[in-house]
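The values are calculated or read from the model by the stated rules, or taken from the named source; none is laboratory data. All values reported here derive from a predicted model rather than from experimental measurement. Backbone-built Cβ (ideal geometry, glycine too); neighbour counts: all protein chains shown.
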Amino acid sequence: MIKLRNENVYLFSGDTIVPAGEIENQCCIIDPGADYRERTMAYSILQSHNISKSKENLSIKFDALASHDITYVGIVQTARASGLTEFPLPYALTNCHNSLCAVGGTINEDDHSFGLSAAKKYGGIYVPAHLAVIHQYMREMMTGCGKMILGSDSHTRYGALGTMAMGEGGPELVKQLLGRTYEITYPKVCLVYIKGEVPHGVGPHDVALAIIGSVFRQGFVKNMVLEFAGPGINGLSLDFRNGIDVMTTETACLSSIWITDEKTREYFKIHGRDEDYKELKPGNGALYDRMIEVDLSMMKPMIALPFHPSNTYTVREFIDNASDILSEIEKEADRMATGLDFRLTDKVRGKNVLIDQGIIAGCAGGTYENILSAASILKGKSTGTGDFSLSVYPQSQPVYFALNNTDAINTLMTSGAVIKTAFCGPCFGAGDVPSNNGFSIRHTTRNFPSREGSKPGDGQMAGVALMDAKSIAATASRGGILTPADEIDYIEKKEDYSFNGEIYKNRVYQGFGKKDDTVELKYGPNIKDWPEFDGLLDNLLLLVASVIDDEVTTTDELIPSGETSSYRSDPMKLAEFTLSRKDPGYVARAKEALDFDKKRKKGELGLFHGISLSNTMVGSLIYANKPGDGSAREQAASCQKVLGGQANAAIEYATKRYRSNLVNWGMLPFVVKEKPDISTGDYIYIEGIRDAVREGRESVMAKNITNGNELELLLPAMTEDERQIILDGCLINYYRNHGKV
């Protein structure tokens, strides 16, 4: 299905691959003086948005921004504290994460009121709750061929529509709002070469999971741009392409871009935006750093088992070996949370695997075509009256409206499925949380540990597997017996899509270019300003507040999603949840260091182990082998900061966006060559850290004053702006000290 080439390749005429090492044996004409890397689509788009004079060190200005109601309050608050007067580019504030307003009283709806007032005051676009999930609204209304969009959600991916989009933490959006740029070294570009035709029963999630399973573990495309080309794309609808594209986030790549064609043109025409289409294709002989070859004809229905989208098998392979595979998952769960009686092996009944719940939702699953396919499979069938349940969330009201013009919604409802509104909740644990020891199959984006909403600390745990809507519907048609869609007979119903733009016209606030300084921001009681942060002092004393030995640590483990989302507008209240599922003692230890520093500033402390504290900042540090996989949300870093966090140390950072979040919140992103000799509760002293950062040193020596050992901490490849942000203490201080532009 998937073949990887870890070598440079040329692409000629859109369909001919020539490895760089074999180019002299081919008939292709190569100009030795030309840089064929500049013939990629990625190069053209990045350079057209680059305002620096360098082709390597890029300073990007985006065409539009997007946030949802877990992130936009913090972004606006940060920008406001930094001198915001208006939104200088189109900025969509969507409401698809904190849409359920039953938890925490009024505070979720208070955030929505704040968002609308901010859109009016600063000139933004406001999309009310239940109208659309963030990425579907952006696809429908704000993409454009050759454009670049930055979103404060990690699944900001619109490459299938010719738009290079990236998900980053909120401070990166703040930079754009304040006239600054997105700084990045020109990335490597990996060709994703698509060939063949999709077999019966295979959907976009199957293709996406096959790619993720092949590349993630080895970091094959980490921080690269995926460029999709090849003859197989012509046979894929835009819904199918979007379904693959949105999941590229789970490969750990930076962004994505696809060739555009008549189907792309038709998409923009349907949505009343003909002018946003243009043809995109690689130049002849475009040179790529690596290649992924995808043979669609070899694809099978896939399943990604707990606890990561890369834990992939074909559905049939899993069913045939379910007892052994689920036994290993139970062992992994026990390693993550000892003392739990977590069981999935009891779902195996003879040759069958029983499923408790199916979900088709969000930016990946809730597409028009996915839901049509599910209806085709469930027509005349029943989901059953037992433990199994099926919920379906169309990804926008226009998609819901179009489905209502077919018999799909009525067919699904008749079968026993529950139809809900546009909402991202099932993807991060704020809706349809399964029961303890439940086994849920979902066409959503992630299945990280406890992301579905379970709380291991309270004795609760469930398992989530990712699957395509077709195989979820096939499973539902058998009352919850796991079934790959290629093993059932059904007729795929095709219905042309018609977009009803009046839905948005009559409800979405379109305020770009219409700022109103007389509007007052609406503050609910849960919306708090950021606390004041100090700049970095000459020396640094760090309490090791947590040591995490896992291979990878996700942002969901650093700051849980789900039930915490209601408190994301109150920095201190949210910080109480930091590492609550991974290390419940972290908050108390971090507060110990925070209180230590408060006493130091009051002059109540003089020496600590012979160290003068007069010009020594006291803070806390988290060590993890590879932190930051997953979500772009900045709170994974800001919650540490408000608790006095001053640094992370890691062998490597899982994503660029998590490292960026650390820097933007004034936290040192230390790298170590191997796991250091430190333990939770140790104190580490770094003398002369301010000078080291100011002078751009890439290595500092620290002393573990608890055990007496020295350790080397690395600060590689920090830009001048990044160093200054660290010196100032955070991005807010940086703008206060140096101006917003």
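Tell me, please, whether a residue that is surrounded by fewer than 17 Cβ atoms within 10 Å (Cβ to Cβ) and touching a Leu at 6+ places or on another chain (Cβ under 8 Å) can be found in segment 391-412. Within segment 391-412 (the criterion being surrounded by fewer than 17 Cβ atoms within 10 Å (Cβ to Cβ) and touching a Leu at 6+ places or on another chain (Cβ under 8 Å)), the answer is no, since none of the residues qualifies.
Determine if segment 237-251 includes at least one residue that is in a helix (DSSP H, G or I), of a type in the set (Phe, Trp, Tyr) and not assigned by TED's automatic domain parsing to the domain that holds Pro306. The answer is yes; a qualifying residue exists. Among the helices (runs of 4 or more DSSP H) confined to segment 403-519, the ones with at least 2 residues that are modelled with pLDDT under 90 are located at 425-428.
For (1) at pLDDT below 95; (2) surrounded by 24 or more Cβ atoms within 10 Å (Cβ to Cβ), each residue gets a yes or a no:
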position	(1), (2)
Leu621	no, yes
Ser631	yes, yes
Ser638	yes, yes
Ala650	no, no
Lys656	yes, no
Ser660	yes, yes
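Screening Ser569, Ser546 for residues that are assigned by TED's automatic domain parsing to the domain that holds Ala637 and in a strand (DSSP E or B) leaves exactly one candidate, Ser546.
Select from segment 553-566 the residues that are crowded, with 20+ Cβ neighbours inside 10 Å and either closer than 28 Å to Glu109 by Cβ or not charged (D, E, K, R) (or both) and list them in ascending order.
Selection gives Thr553, Thr554, Thr555, Asp556, Leu558, Ile559, Pro560, Ser561, Gly562, Thr564, Ser565, Ser566.
When every residue of segment 442-453 is checked against the conditions, at least one turns out to be in contact with an Asp or Glu (Cβ under 6 Å, 6 or more places away or on another chain) and basic (Lys, Arg).
Pick from Asn234, Asn242: which is on the phi < 0 side of the Ramachandran plot and either without any contact (Cβ under 8 Å) to a residue 60 or more places away in the chain or touching a Gly at 6+ places or on another chain (Cβ under 8 Å) (or both)? Lay out the reasoning, then the answer.
Values: Asn242 fails: either without any contact (Cβ under 8 Å) to a residue 60 or more places away in the chain or touching a Gly at 6+ places or on another chain (Cβ under 8 Å) (or both).
It is Asn234.
What strands (runs of 3 or more DSSP E), lying completely within segment 10-114, carry at least 3 residues that are modelled with pLDDT of 95 or more and over 28 Å from Leu574 (Cβ atoms)?
57-60
Listed by position, the helices (runs of 4 or more DSSP H) inside segment 585-692 whose residues that are touching a strand residue (DSSP E or B) at 6+ places or on another chain (Cβ under 8 Å) and of a type in the set (Val, Ile, Thr) number at least 1 are 656-664.
Every test in (1) within 19 Å of the chain's Cα centre (by Cα); (2) surrounded by fewer than 24 Cβ atoms within 10 Å (Cβ to Cβ); (3) within 26 Å of Glu38 (Cα to Cα) is passed by Val221 save one, and that test is (2).
Residues that are closer than 15 Å to Leu668 by Cα, part of a helix (DSSP H, G or I) and either out of contact with any Leu (no Cβ under 8 Å at 6 or more places or on another chain) or of a type outside the set (Val, Ile, Thr) (or both) within segment 694-733 comprise Arg694, Glu720, Asp721, Glu722, Arg723, Gln724, Leu727, Asp728, Leu731, listed in sequence order.
Could you check segment 482-503 and list, in sequence order, the residues that are surrounded by 12 or more Cβ atoms within 10 Å (Cβ to Cβ), out of contact with any helix residue (DSSP H, G or I) (no Cβ under 7 Å at 6 or more places or on another chain) and assigned by TED's automatic domain parsing to the domain that holds Ser373?
Matches in segment 482-503: Asp486, Glu487.
Here's the yes/no breakdown for (1) crowded, with 21+ Cβ neighbours inside 10 Å; (2) assigned to a loop (DSSP other than H, G, I, E, B); (3) of a type outside the set (Ser, Thr, Tyr); (4) in contact (Cβ under 8 Å) with a residue 40 or more places away in the chain:
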site: Leu287; (1), (2), (3), (4): yes, no, yes, yes
site: Ile292; (1), (2), (3), (4): yes, no, yes, yes
site: Ile303; (1), (2), (3), (4): yes, no, yes, yes
site: Pro306; (1), (2), (3), (4): yes, yes, yes, yes
site: Ser323; (1), (2), (3), (4): no, no, no, no
site: Leu326; (1), (2), (3), (4): yes, no, yes, no
site: Asp334; (1), (2), (3), (4): no, no, yes, no
site: Phe342; (1), (2), (3), (4): yes, yes, yes, yes
site: Val353; (1), (2), (3), (4): yes, no, yes, yes
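Within segment 708-724, the set of residues being within 18 Å of Ala649 (Cα to Cα) and modelled with pLDDT of 90 or more comprises Asn709, Glu710, Leu711, Glu712, Leu713, Leu714, Leu715, Pro716, Met718, Glu722, Arg723. Quickly run through segment 34-63 and pick out the residues that are among the hydrophobic types (A, V, I, L, M, F, W, C) and either in contact with a Gly (Cβ under 9 Å, 6 or more places away or on another chain) or under 16 Å from Pro171 (Cβ atoms) (or both). Correct list: Ala34, Met41, Ile45, Ile60, Phe62. Filtering segment 360-399 to residues that are in a strand (DSSP E or B), within 22 Å of Ile491 (Cα to Cα) and touching a residue at least 60 places away in the same chain (Cβ under 8 Å) leaves Ile360, Leu390. Screening His205 with (1) surrounded by 24 or more Cβ atoms within 10 Å (Cβ to Cβ); (2) closer than 27 Å to Lys53 by Cα gives one miss only, at (2).
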